[in-house]
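Contents: one structure, followed by commentary.
The values are calculated or read from the model by the stated rules, or taken from the named source; none is laboratory data. Computed from a predicted model, the values in this text were never measured in an experiment. Every residue, glycine among them, receives a Cβ derived from its backbone with ideal geometry; neighbour counts consider all protein chains shown.
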Amino acid sequence: MSPRTNPSARPVDGFPLSCNHSVERRAVACGRAAARRKTTAWRQAPARRLLALDHSSVKLVATKWIRLIAFPVRVFSLVALLVGRALRPAFFALLSACSLAFAALARADIKVGDTFPALAPAGVVAISGTAVPATAGQVVLIDFWASWCGPCKASFPSLAKIHTDLAPRGLVLLAISIDEKPAAAAAFAKKLAPPFATLHDREQQLVKAVGVPTMPTSYLVDRTGKVRFVHDGFHGAATEKLLRSQIETLLAEKN
């Protein structure tokens with residue numbers, strides 16, 4: 001049998017290793033085969049290592065990652081909860097302020113010279129449960145406020161002074177809350193205990209009809225029911241002086 005076709009010759013990389021092949025050729029063939037085996041082993045190594053992992057190893061790695069991620073998540077959740085509780089009053093205050101702003105844009109505001117809407121048909125009630133004070137033929141200062149409004153709280157002492165000084169001369173001062181919850185308005189009024197009447201716009205019909213732009217806002221109404229002066233915000237002694245001057249002017253007018 002010819003060595004070229006000897007079946008006992010072992011092929012390497014497609015080259016039959018017969019006795020007729022030179023040493024150099026066999027060396028090249030063996031080198032190619034070795035290189036191919038190394039390449040195949042390198043490509044299969046990740047898969048083999050993955051298959052070699054048992055369930056306990058996978059569980060251990062997963063547990064470590066979960067523990068690593070869980071702590072930052074817990075810290076973030078705690079911070080978000082604390083910040084949310086701290087900013088909740090400010091959020092609702094901003095929401096109510098935005099609602100008032102959009103309501104004011106949707107209709108024409110009550111301006112100087114307009115007739116102020118009647119209180120009873122608008123669903124305004126006294127917080128204390130007593131009847132709403134009569135306003136017909138009186139000089140009336142109507143102040144809109146809310147329990148979440150800081151300037152409103154700051155304005156109550158000044159309004160109390162105005163009421164104490166000018167009520168004997170015929171002034172009727174009404175402070176109307178626009179709070180959605182009657183309990184919030186009642187708690188605010190009970191804490192400050194003002195000497196003037198505190199009312200509640202239960203369904204916010206009056207504040208919508210008037211188009212109140214911000215908190216607090218005051219409307220000074222003369223004896224004929226006409227709006228003579230409008231002031232929004234509270235700026236301390238300057239606001240008190242301005243309101244007092246406007247009220248005294250109306251009180252001095254003849255019927």
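Summary of values
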{"quantity": "Residue within the stretch 215-227 that is surrounded by fewer than 19 Cβ atoms within 10 Å (Cβ to Cβ), closer than 19 Å to Trp148 by Cβ and not small (Gly, Ala, Ser) present", "calculated": "no"}
{"quantity": "Selection from the stretch 229-251 of residues that are among the hydrophobic types (A, V, I, L, M, F, W, C) and either farther than 15 Å from Leu141 by Cα or touching a Pro at 6+ places or on another chain (Cβ under 7 Å) (or both)", "calculated": "Phe234, Ala237, Ala238"}
{"quantity": "Selection status of Val212, assigned by TED's automatic domain parsing to the domain that holds Gly137, buried (at least 18 other Cβ atoms within 10 Å of the Cβ) and in a loop (DSSP other than H, G, I, E, B)", "calculated": "yes"}
{"quantity": "Residues of the stretch 195-254 that turn out to be hydroxyl-bearing (Ser, Thr, Tyr) and within 34 Å of the chain's Cα centre (by Cα), as a count", "calculated": "6"}
{"quantity": "Leu173 crowded, with 23+ Cβ neighbours inside 10 Å, closer than 26 Å to Lys254 by Cβ and in contact with a strand residue (DSSP E or B) (Cβ under 9 Å, 6 or more places away or on another chain)", "calculated": "yes"}
{"quantity": "Residues satisfying the stated conditions in the stretch 104-124, i.e. at pLDDT 85 or above, surrounded by fewer than 17 Cβ atoms within 10 Å (Cβ to Cβ) and in contact with a strand residue (DSSP E or B) (Cβ under 8 Å, 6 or more places away or on another chain)", "calculated": "Lys111, Val112, Gly113, Asp114, Thr115"}
{"quantity": "Residues located in the stretch 178-213, provided they are among the polar types (S, T, N, Q) and modelled with pLDDT under 90", "calculated": "Gln204, Gln205"}
